[in-house]
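Beneath this line is the structure, given in structure tokens, with notes to follow.
Bear in mind that the values in this text are calculations on the coordinates, not laboratory data. Computed from a predicted model, the values in this text were never measured in an experiment. With ideal geometry, Cβ positions are generated from the backbone for all residues, glycine too; neighbour counts draw on all protein chains shown.
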Amino acid sequence: MIAAPAPAQKDPAAMTTPVETYRSTVFPWHCDQFGHMNARWYAAHFDDASFHLYQRSGLSYGHMRKVGSIITVVAEIRIEYRHEMVAGDLLVISSGFTRLGNKSLQRTAWLTNAEDGTLCAIEHARDVFFDEETRASTPMPDAFRAVLSTHLLPEGTEPG
């Protein structure tokens, strides 16, 4: 049986609003020939933020591996680009879980300019529960569901 972790986030508001999961700077090497951050870097920043989202919910990858062989893997990502970012811009990502299924969950992340709050990109992702021993998708463990269900964002949630 898989044990549920103690929640890492005690603030009740964090359970119903997106939580900050990442901060960074756009560096010149992130920019393409047009002078704005290239799509590959948006994906990298969102990926880094996803690990922090799980940790902030109390279900880090370290905990998942400590209690068994079931982790999550990315099955699908869609990024909406809203506003360009250029070298020197500061970015912040806020994230949240938006749907829990049987073998998967959905999460959304909002990337904003940290200085003026402009929404620059939105990531919609679907993660699948995956058993590292059998190398196959598997139902979400009940203990994981108990933790994640307390961090589910209301439908239609927007950042900030």
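Things worth noting here:
- Most mobile listed residue (141, 28, 18) in the chain, GNM with C-alpha springs under 10 Å: 28
- Paramagnetic label reach from residue 43 (point 7 Å along Cα→Cβ; backbone nitrogen cut-off under 15 Å): within segment 58-102, residues 74-81.
- Of all DSSP bridge pairs formed entirely within the chain, close to 95 percent run antiparallel.
- Loop-located chymotrypsin sites (Phe, Trp or Tyr not before Pro) in segment 30-123, at most 14 other Cβ atoms within 10 Å (DSSP): 34
- Arranged from fewest to most other beta-carbon atoms within 10 Å of their beta carbon, 63, 52, 45, 83 become 83, 52, 63, 45.
- Estimated purely from DSSP H runs of n ≥ 4, each contributing -39500 (n - 2.57), the mean residue ellipticity at 222 nm for the chain is -6500 deg cm²/dmol once divided by its residues.
- Cα radius of gyration and Dmax for segment 111-160 (Å): 16.0, 47
- Low-density loop positions, GluC sites (Glu not before Pro), segment 102-141 - DSSP coil, at most 11 other Cβ in 10 Å: 115, 133
- Residues 142, 89, 127, 48, arranged from fewest to most other Cβ atoms within 10 angstrom of their Cβ, appear as 142, 48, 89, 127.
- Rotationally averaged projected area of the chain (alpha carbon convex hull; nm²): 9.7 nm²
- Residue 17/residue 136 FRET efficiency (R0 30 Å; Cβ-Cβ; nearest 0.05): 0.30
- The relative contact order of the chain comes to 30 percent, based on Cα pairs under 8 Å that sit 6 or more residues apart.
- Where trypsin sites (Lys or Arg not before Pro) in DSSP loops with at most 15 other Cβ within 10 Å are excluded, longest remaining stretch of the chain: 11-81
- Seen against the Cα atoms of the chain and their longest principal axis, helix 39-57 is set at about 40 degrees.
- Cα centroids of segment 40-93 and segment 108-151: 8 Å apart.
- The distance between label points at residue 55 and residue 150 comes to 2.0 nm (points 7 Å beyond Cα on the Cα→Cβ vector).
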